[in-house]
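Notes follow the structure.
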Amino acid sequence: MAEIMEAHSLTGKKCKSCGFEATDPVVSCTSCGSDDVEAKTFSGKGKVYTYTVVHVGFGHLAPRAPYVLAVIELEEGAKTMSIIEGEYQGKPVTESVAIDMPVLFDRTETSTGFIFKPT
């Protein structure tokens with residue numbers, strides 16, 4: 001299993017000029033170009049914006065297949081890429097994932113990124 005970097009903290013940046021928020025580790029705003037950005041901690045609550053179920057993983061993710069790769073829309077409005085693990089409504093998430101499904105940030109894995117779980 002991949003090494004865990006941060007147990008329960010979903011962090012990113014917020015632009016002090018235009019208010020754009022991102023979970024990516026940026027040095028300047030990807031919306032307006034300002035370098036006046038500050039650290040931001042997100043609630044970790046969100047919903048599935050879009051997804052795919054990956055049946056043939058690549059590289060270090062191959063043993064994890066099948067898995068759900070999703071874009072999560074956080075309650076603050078920012079979107080982030082994630083893997084979703086667990087069960088939803090009593091079924092594996094690979095069989096039950098849906099648009100607008102509520103999710104919660106679980107952890108960050110060094111080589112994989114953000115991991116969310118259904119709520």
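The values are calculated or read from the model by the stated rules, or taken from the named source; none is laboratory data. The structure presented is a predicted model; accordingly, all values stated were derived computationally and were not measured. Please note: Cβ atoms are built from the backbone with ideal geometry, for glycine as well, and neighbour counts cover all protein chains shown. When the accessible area is computed, the model is the full protein with side chains, heavy atoms only, and any ligands, DNA or RNA have been set aside. Shrake-Rupley method; radii C 1.70, N 1.55, O 1.52, S 1.80 Å.
Okay, residues lined up against (1) assigned to a helix (DSSP H, G or I); (2) in contact with a Phe, Trp or Tyr (Cβ under 9 Å, 6 or more places away or on another chain):
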residue	(1), (2)
19	no, no
38	no, no
49	no, no
63	yes, no
100	no, yes
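Just to check your reading of the model, which residue among 112, 80, 94 is among the hydroxyl-bearing types (Ser, Thr, Tyr), crowded, with 16+ Cβ neighbours inside 10 Å and at pLDDT below 95?
Numbers: 80 fails: at pLDDT below 95; 94 fails: at pLDDT below 95.
112 is the lone residue from the list that is among the hydroxyl-bearing types (Ser, Thr, Tyr), crowded, with 16+ Cβ neighbours inside 10 Å and at pLDDT below 95.
Name the residues in segment 19-31 that are hydrophobic (A, V, I, L, M, F, W, C) and either in contact (Cβ under 8 Å) with a residue 60 or more places away in the chain or surrounded by fewer than 13 Cβ atoms within 10 Å (Cβ to Cβ) (or both), would you? Break it down stepwise before answering.
Taking segment 19-31 and keeping what is hydrophobic (A, V, I, L, M, F, W, C), we get 20, 22, 26-27, 29.
27, the sole residue that qualifies.
Return the total of residues in segment 68-77 being assigned to a strand (DSSP E or B) and open to solvent by 20 Å² or more (accessible area, probe 1.4 Å).
The number of residues fulfilling the criteria is 3.
Say whether the condition of being of a type in the set (Lys, Arg) and touching a residue at least 24 places away in the same chain (Cβ under 8 Å) is met by at least one residue in segment 107-119.
Yes: segment 107-119 contains one or more residues that are of a type in the set (Lys, Arg) and touching a residue at least 24 places away in the same chain (Cβ under 8 Å).
Restricting to segment 51-61, what's the tally of residues that are at pLDDT below 95 and either open to solvent by 60 Å² or more (accessible area, probe 1.4 Å) or in a helix (DSSP H, G or I) (or both)?
Matching residues across segment 51-61 total 4.
One residue is enough: does segment 32-45 have a residue meeting the conditions open to solvent by less than 50 Å² (accessible area, probe 1.4 Å) and polar (S, T, N, Q)?
yes
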